[in-house]
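Below is one structure, written out as structure tokens, with a few remarks after it.
The values are calculated or read from the model by the stated rules, or taken from the named source; none is laboratory data. Quick caveat, the model's predicted, so the values are computed rather than measured. Cβ: placed from backbone, ideal geometry, glycine included. Neighbour counts: every protein chain shown. When the accessible area is computed, the model is the full protein with side chains, heavy atoms only, and any ligands, DNA or RNA have been set aside. Shrake-Rupley method; radii C 1.70, N 1.55, O 1.52, S 1.80 Å.
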2 protein chains.
Amino acid sequence: MGRGKIEIKRIENSSNRQVTYSKRKNGILKKAKEITVLCDAQVSLIIFGSSGKMHEYISPSTTLTDVLDRYHKASGKRLWDAKHENLSNEIDRVKKENESMQIELRHLKGEDINSLNYKELMALEEALDHGLDGVREKKAIF
Amino acid sequence: MGRGKIEIKRIENSSNRQVTYSKRKNGILKKAKEITVLCDAQVSLIIFGSSGKMHEYISPSTTLTDVLDRYHKASGKRLWDAKHENLSNEIDRVKKENESMQIELRHLKGEDINSLNYKELMALEEALDHGLDGVREKKAIF
DNA sequence: GATGCTATGTATAACGA
DNA sequence: TTCGTTATACATAGCAT
């Protein structure tokens with residue numbers, strides 16, 4: 001559309017991508033408004049550009065919460081429950097990561113190493129030696 | 001657009017309205033897909049026609065839940081109840097903990113230490129030395 | 001009503017400043 | 001970069017099935 005036909009694939013040139021995004025974003029928002037007025041539709045449109053900036057359009061006769069409620073009823077997808085579950089899973093996941101990092105940290109500090117076997121101790125020693133090398137090398141520059 | 005220009009106001013003839021809705025709905029969905037691919041955007045589009053039928057498009061790289069989460073962060077508008085908010089805060093808290101542990105771990109492995117000053121390097125060296133002592137002591141028992 | 005077909009109005013890709 | 005401008009490609013209003 002425009003001076004040349006383009007194929008629908010990611011625009012590699014980032015400044016072109018930005019310009020195209022801005023123009024098309026305005027285009028979609030306009031279309032959303034038009035269908036709302038012309039056809040009595042209710043539209044919820046949320047766009048995030050790659051820069052992270054958000055744009056939205058919600059039909060004036062409604063609210064996002066309303067739309068989501070209707071979405072919930074129409075699709076049967078339990079957004080809230082799913083959201084809740086996702087958050088819980090995410091917390092579990094991050095906490096587990098946390099825990100294993102804590103253990104690793106303690107080991108590196110020479111704590112709680114009674115349960116380690118000889119091979120693990122060797123690996124730990126090597127890691128510490130290596131870290132020490134890096135630090136001393138850096139220190140030497142000062 | 002088409003055989004004659006139209007003004008943007010409710011189409012009174014209900015069958016025309018229905019036809020226009022169907023055509024424009026497809027148009028917007030197409031545009032939404034296009035901007036997603038062309039510009040790396042993330043789009044959530046939900047449309048209800050006056051008949052009550054729903055249509056949606058969510059960028060393949062994401063989920064409605066994700067988009068709503070980002071919407072929440074970007075707009076500050078509260079879509080969730082307090083419980084979800086608490087969970088979100090918990091995640092943020094744990095993730096921050098996570099991050100600082102990751103940094104500490106990297107430092108102990110001699111990585112990313114360019115930003116450290118001399119005093120911090122000294123402390124790091126001491127910690128590594130101490131850790132090494134512990135490990136060697138333990139190793140000696142084997 | 002739904003679908004397919006154009007003539008026409010719009011959106012926009014490539015430029016230019 | 002970020003604006004306009006314009007030549008084109010695209011979307012679609014009005015018809016015809």
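Among A:130, A:55, B:84, the sequence by solvent-accessible area, most first, with a 1.4 Å probe is A:130, A:55, B:84. Among A:78, A:136, B:24, the sequence by solvent-accessible area, most first, with a 1.4 Å probe is A:78, A:136, B:24.
Mind checking the dipole of region A:1-106: about its Cα centre, +1 per Lys or Arg Cβ, -1 per Asp or Glu Cβ, Debye to the nearest 20?
Numbers: 21 positive and 14 negative charges, 138 e Å.
Approximately 660 debye in magnitude.
Rolling a 1.4 Å probe over the protein chains gives residue B:122 an accessible area of about 80 Å². Taking the charge dipole of region A:1-126 about its Cα centre, with +1 at Lys and Arg Cβ atoms and -1 at Asp and Glu Cβ atoms, the residue from A:121, A:52, A:88 reaching farthest to the positive side is A:52.
Estimate for me the total accessible surface buried between chains A and B (protein heavy atoms, probe 1.4 Å, no ligands or nucleic acids), in Å² to the nearest 100.
Using a 1.4 Å probe on protein heavy atoms, the buried area is about 8000 Å².
For the residue pairs A:139/B:73; B:25/B:95; A:96/B:83, the C-alpha atoms sit more than 31 angstrom apart in A:139/B:73; B:25/B:95.
Counting only heavy atoms of protein chains, what accessible area per residue, in Å², does region B:1-111 have with a probe of 1.4 Å? Working shown, then result.
Values: 6340 Å² over 111 residues.
Heavy-atom SASA per residue in region B:1-111 reads 57 Å².
In the context of the full protein assembly, residue B:142 retains an accessible surface of approximately 140 Å², using a probe radius of 1.4 Å and ignoring ligands and nucleic acids. Region A:1-20 and region A:37-72 have Cα centres lying 25 Å from one another. Averaging the sequence gap over all C-alpha pairs within less than 8 Å and six or more residues apart, then dividing by the number of residues, gives chain A a relative contact order of 10 percent. The listed residues A:5, A:33, once ranked by accessible area (1.4 Å probe) with the largest placed first, stand as A:5, A:33. Just the protein heavy atoms count here, and of the accessible area of chain B at 1.4 Å, carbon and sulfur take up 49 percent. Around the Cα centre of region B:55-142, unit charges on the Cβ atoms of Lys, Arg, Asp and Glu (plus for the first two, minus for the last two) sum to a dipole of about 200 debye. Positive-end ranking of A:18, A:38, A:72 along the dipole of chain A, with charges on Cβ about the Cα centre, is headed by A:38.
With respect to chain A, whose longest principal axis is taken over its alpha-carbon atoms, helix A:14-39 is tilted by about 40°. Label point of residue B:141 set 7 angstrom out along Cα-Cβ; within region A:84-110, amide nitrogens under 17 Å from it belong to A:107-110.
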